[in-house]
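Take a look at the structure below.
The values are calculated or read from the model by the stated rules, or taken from the named source; none is laboratory data. None of these values were measured; they are calculated from a predicted model. Cβ placement follows ideal geometry from the backbone for every residue including glycine, while neighbour counts extend to all protein chains displayed.
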Amino acid sequence: MGRLVMKFGGTSVANIDRIRNVARHVKREVDAGHDVAVVVSAMSGKTNELVEWSRDASPMHDAREYDAVVASGEQVTSGLLAIALQAIGIQARSWQGWQIPIRTSDVHASARILEVDGSEIVNRFKDRKEVAVIAGFQGINPQTNRITTLGRGGSDTSAVAIAAAIHADRCDIYTDVDGVYTTDPRVVPKARRLDKIAFEDMLELASQGAKVLQVRSVELGMVHNMPVFVRSSFDKPEDIDPHGTPPGTLICSEEEIMESHVVTGIAFSKDEAQISVRQIEDKPGVAASIFGPLAEANINVDMIVQNVSEDGKTTDLTFTVPASDYNRARDTITASKSRIGYARLDSATDVAKVSVIGSGMRSHAGVAAQAFKALAARNINIRAITTSEIKFSVLIDAAYTELAVRTLHTLYGLDQV
Ligand code: ADP
Ligand code: ASP
Ligand code: MG
């Protein structure tokens, strides 16, 4: 007998039929003798609709009320799944974030989980064999007593946090793909499913745009050393052998991975914007005068390139920010124009970042150089580059994203054979 968290994403609970299918997956684990806590997302498309409604009501809305609105999608599915479970004879009840409680920071729309009290859930496993059906994505700030949400994709993080709080043996993430692939299988049909991936590699894949797991869920998994297993919710529950190993990807510590490749996977993100500040006087303090105000405005700067301007005397600084912060970033720089002293501001929003990830890069030289050559052979221009110990990223025109990802996927031997 073990203890499991089972998380189901939006597509897996998209309608009542699929919720019934989820209930049968849960029943399978309960019948096998496990204690089960389920975490659910809102029905697919629902959160987008709620976000739209808040924007429609007012583009400058109160973030606390935004959270009150968008958290409601998960309230619906948690109740519906509890009903579906009861209908097939499984003792179950729904839990909202505030009822558990899942305590978070007060940064509305991207709150961080501070503490989860799993004691009542565990008591009910012991006393009544009751399945806990928990609304993902949401929590409560203990100081203000307001509902918070954890940022898009946040139900993954709810699931791993609950798993840690109730000392689960494993956290299963059921989604619309049967595991983590070398890159998004919807973009590259030749992508290969990974049996295992190290937390470090998964963390980079997620932070560079692979939305299969929210970044913070991977961080939490790593901190608590909680095995996270990504698998498909579309398999028929009745076809799954309770003693077999289902298809899926285990995210685990590096030591548990026997075979290692130099490159593990490729991620990409089109949510980037590039800003170039042209013809700045090249003197100490210039970078601080640009990036200081951006940091104060809470804008994350990612890639930075500095080069000589076309006049040969001054300098150009190019950097990227998340597309959602683009307008604010431009305004912030423009407002500091006299302090910075520059001639022109250029920008581009039709750019994409493609990242190659692999902890094997630590001990291999020349991995990035191969990519630059392969992209040049395809006539893909690189606008900016960043590297770290286990990854490098290139910024390119968005139109070439798919071509670049496929080219690099083949280059590093990741294609399915
Ligand atoms: P859920 O609603 O279940 O949370 P998401 O849509 O958030 O599901 O995440 C699953 C999606 O992530 C897949 O449909 C797939 O298109 C995308 N994805 C991106 N990169 C990868 C990858 N490397 N492996 C698997 N899926 C990926
Ligand atoms: N429903 C939320 C979203 O769409 C949270 C999640 O699905 O993980 O972002
Ligand atoms: Mg998701």
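Here is how the numbers come out for the structure above:
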quantity: Residue satisfying condition, being out of contact with any Phe, Trp or Tyr (no Cβ under 6 Å at 6 or more places or on another chain), more than 15 Å from ligand 2 (Cβ to nearest atom), among the hydrophobic types (A, V, I, L, M, F, W, C) and not in a strand (DSSP E or B), within set 30, 76; calculated: 30
quantity: Among the residues listed as 266, 251, 173, the single one being touching a helix residue (DSSP H, G or I) at 6+ places or on another chain (Cβ under 8 Å), within 15 Å of ligand 2 (Cβ to nearest atom), in a strand (DSSP E or B) and not aromatic (Phe, Trp, Tyr); calculated: 173
quantity: Residue within the stretch 322-343 that is outside any strand (DSSP E or B), without any contact (Cβ under 8 Å) to a residue 24 or more places away in the chain and not polar (S, T, N, Q) present; calculated: yes
quantity: Residue match in the stretch 409-416 (condition: farther than 30 Å from residue 255 by Cα, at pLDDT 95 or above and surrounded by 13 or more Cβ atoms within 10 Å (Cβ to Cβ)); calculated: no
quantity: Single residue of 44, 54 found to be among the small types (Gly, Ala, Ser), modelled with pLDDT of 95 or more, within 16 Å of ligand 3 (Cβ to nearest atom) and closer than 23 Å to residue 109 by Cα; calculated: 44
quantity: Hey, residue 38 in contact with a strand residue (DSSP E or B) (Cβ under 6 Å, 6 or more places away or on another chain), buried (at least 23 other Cβ atoms within 10 Å of the Cβ) and touching a residue at least 24 places away in the same chain (Cβ under 8 Å) or not; calculated: yes
quantity: Number of the condition not met by residue 206 [criteria: (1) out of contact with any strand residue (DSSP E or B) (no Cβ under 7 Å at 6 or more places or on another chain); (2) outside any helix (DSSP H, G or I); (3) within 24 Å of residue 406 (Cβ to Cβ); (4) within 12 Å of ligand 3 (Cβ to nearest atom)]; calculated: (2)
quantity: Odd one out for residue 382 among (1) over 18 Å from residue 273 (Cβ atoms); (2) surrounded by fewer than 19 Cβ atoms within 10 Å (Cβ to Cβ); (3) modelled with pLDDT of 95 or more; calculated: (1)
quantity: Sole residue being out of contact with any helix residue (DSSP H, G or I) (no Cβ under 9 Å at 6 or more places or on another chain) and loosely packed, with under 11 Cβ neighbours inside 10 Å, chosen from 236, 313; calculated: 313
quantity: Test set (1) more than 12 Å from ligand 1 (Cβ to nearest atom); (2) touching a residue at least 24 places away in the same chain (Cβ under 8 Å); (3) closer than 22 Å to residue 412 by Cβ - residue 194 fails condition number; calculated: (1)
quantity: Which numbered condition residue 218 misses (of (1) within 16 Å of ligand 3 (Cβ to nearest atom); (2) of a type in the set (Val, Ile, Thr); (3) outside any helix (DSSP H, G or I)); calculated: (3)
quantity: Residues that are buried (at least 16 other Cβ atoms within 10 Å of the Cβ) and more than 16 Å from residue 392 (Cβ to Cβ), drawn from the stretch 337-379; calculated: 340, 342, 347, 348, 351
quantity: Strands (runs of 3 or more DSSP E) lying entirely in the stretch 100-150 (those with 2 or more residues that are among the hydrophobic types (A, V, I, L, M, F, W, C)); calculated: 113-116, 131-135
quantity: From the options 113, 121, residue that is under 19 Å from residue 148 (Cα atoms) and surrounded by 17 or more Cβ atoms within 10 Å (Cβ to Cβ); calculated: 113
quantity: Scope the stretch 130-176; condition surrounded by fewer than 19 Cβ atoms within 10 Å (Cβ to Cβ) and within 18 Å of the chain's Cα centre (by Cα); matching residues; calculated: 151, 152, 176
quantity: Residue match in the stretch 45-62 (condition: within 27 Å of residue 144 (Cα to Cα), part of a helix (DSSP H, G or I) and of a type in the set (Phe, Trp, Tyr)); calculated: yes
quantity: Residues of the stretch 316-348 satisfying the condition of being closer than 24 Å to residue 387 by Cβ, touching a helix residue (DSSP H, G or I) at 6+ places or on another chain (Cβ under 7 Å) and among the β-branched types (Val, Ile, Thr); calculated: 321
quantity: Subset of the stretch 180-193 that is assigned to a loop (DSSP other than H, G, I, E, B) and surrounded by 23 or more Cβ atoms within 10 Å (Cβ to Cβ) - its residue that is nearest to ligand 2 (Cβ to nearest atom); calculated: 180
